[in-house]
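Input: a single structure, listed below in structure tokens.
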């Protein structure tokens, strides 16, 4: 779900960079001790997951794991996702350096929202844990899809159909990721419960 170079107007690119720099500054202050090591591992997860494309109709999408990163790291999702997207742009030309700020904000901001909505839910047991794990994927992924759709729509009428498709294509991805999050969070609760603490 990367926006490519040359699509967005300058004001959207500048706004995206401004918001990403603010989020990254806040996130870097949250990274210390074991959280720093965990952030590095989650950056790797984010980077590798994006290389596995899933065919959907005439297009394809890939796993994001931005909701999972948000649940675990909160604001530190910003520097984590920024580094992952930077390597994707440099190594595989996904997105681009000019739109890196916009693409980072699109992925990281909904992840932070998922953190605040569901962080306490995943510390519990029973239905609330499962609902929090599953719904965090929907908030993060569809939130990112919605931001991309809005930005494309603001870039011009010719991108309206693309905006709709980008949003819709990520509904099945959010469903799959929601199930994966349940298993990953169950594993973390059992083996590294400290990672789920603030």
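The values are calculated or read from the model by the stated rules, or taken from the named source; none is laboratory data. Since this is a predicted model, take the numbers as computed values, not measurements. Every residue, glycine as well, gets a Cβ built from its backbone with ideal geometry; the counts of neighbours run over all protein chains shown.
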| said: I'm checking my understanding of the structure. Among residues of the range 147-160 that are more than 21 Å from the chain's Cα centre (by Cα) and at pLDDT 80 or above, which one is farthest from residue 7 (Cα to Cα)? | reply: 154
| Whichever residue in the range 147-156 is surrounded by fewer than 18 Cβ atoms within 10 Å (Cβ to Cβ) and free of Cβ contacts under 8 Å to residues at least 24 places away in the same chain and, among such residues, is farthest from residue 66 (Cα to Cα) | 156
| message | The conditions are (1) modelled with pLDDT of 80 or more; (2) under 30 Å from residue 15 (Cβ atoms), and residue 186 fails exactly one of them. Which is it? | response | (2)
| Residue in the range 57-69 that is buried (at least 23 other Cβ atoms within 10 Å of the Cβ), within 16 Å of the chain's Cα centre (by Cα) and either modelled with pLDDT under 90 or more than 12 Å from residue 107 (Cα to Cα) (or both) present | yes
| request: Could you list, in sequence order, all residues of the range 93-108 that are touching a helix residue (DSSP H, G or I) at 6+ places or on another chain (Cβ under 7 Å) and surrounded by fewer than 24 Cβ atoms within 10 Å (Cβ to Cβ)? | output: 94, 95, 96, 97, 98, 100, 101
| task | Residues being over 16 Å from residue 121 (Cβ atoms) and surrounded by 13 or more Cβ atoms within 10 Å (Cβ to Cβ): count how many of those fall in the range 180-191. | result | 1
| message | Suppose the filter is in contact with a helix residue (DSSP H, G or I) (Cβ under 8 Å, 6 or more places away or on another chain), in a helix (DSSP H, G or I) and surrounded by 18 or more Cβ atoms within 10 Å (Cβ to Cβ); does residue 26 pass it? | response | no
